[in-house]
Amino acid sequence: MLAACGLGISVYLTIVHYSTSVTLACTSSGVVNCEKVTTSPESRFLGVPVPLFGLAFFVVMLLANLPAAWRRGEPWIRIGRLAVAAGGVLFVLYLVYAELFRIDAICLWCSAVHVITGLLFGLVCFGTALGEPEAQAA
């Protein structure tokens, strides 16, 4: 459910990024300024719009967190899911740094994605820790 919410927000931010006819539903003045954040140089990473990274991340997390994926015992699935979640959190830390110290503005939509990513990481860590003894016994 979290990954689906994150995917939805990422789709919205991607549409806003590529469309001039869609307006970002957020304030555009003061500290909370989504427009300033989403149009800043930091809204691109390695030349790629950040919302595309969000799309990719949440598609992978959605698939990796399906019940069928959790039931499978292969270590590469468990390790891969944990690695992707950790990568997402590291990227979020960079983006929060950019918002606070480089852009001097916060985007509420981006913050929602950041919270969802952190929650996903926590749940994946918790689920992995709980599933570990079972996987070793099998």
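Laboratory data are not the source of any read-out in this text; all were calculated from the coordinates shown. Please read all numbers here as calculations on a predicted model, not as lab measurements. All Cβ positions, even for glycine, are placed from backbone atoms using ideal geometry, and neighbour counts span all protein chains on display.
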>> What do you get for the angle between helix 108-137 and the principal long axis of the chain? Use alpha-carbon atoms, 0 to 90 degrees, nearest ten.
In response: 10 degrees
>> Between Leu100 and Ile77, what's the calculated FRET efficiency when r is the beta-carbon distance and R0 is 41 Å? Round to 0.05.
In response: 0.75
>> I'd like to know which of Leu93, Val124, Leu66 lies farthest towards the positive end of the charge dipole of the chain, counting +1 on Cβ of Lys and Arg and -1 on Cβ of Asp and Glu.
In response: Leu66
>> Compute the helix-to-body angle for 2-18: its Cα long axis versus the longest principal axis of the chain, expressed 0 to 90° and rounded to tens.
In response: 30 degrees
> With +1 on each Lys and Arg Cβ and -1 on each Asp and Glu Cβ, how big is the dipole of the chain about its Cα centre, in debye rounded to the nearest 20?
Replying inline: 180 debye
>> Give me the three principal axis extents of the chain from the C-alpha atoms, as integers in angstrom, largest value leading.
In response: 56, 29, 24
> How are the C-alpha pair distances of region 1-53 spread across 10 Å bins, as whole percents from the shortest bin up?
Replying inline: 24, 52, 25, 0
> How about the chain: what cysteines have no other cysteine beta carbon under 4.7 Å from their own?
Replying inline: Cys5, Cys125
> Roughly how large, in nm² to one decimal, is the mean projection of the convex hull of the alpha-carbon atoms in region 49-126?
Replying inline: 5.2 nm²
> Which angle between 0 and 90 degrees, to the nearest 10, do you get for helix 75-97 versus the longest principal axis of the chain when only C-alpha atoms count?
Replying inline: 20 degrees
>> Can you give me the distance in nm between label points at Ala68 and Leu93, each placed 7 Å from the Cα along the Cα-to-Cβ direction?
In response: 3.5 nm
> How many nm is it between the label spots at Val11 and Glu42, if each spot is 7 Å from the Cα in line with the beta carbon?
Replying inline: 2.8 nm
>> Give me, ordered by chain and number, the residues 5 or more places off Val32 or on other chains with an amide H under 5 Å from its own placed amide H.
In response: Ile106
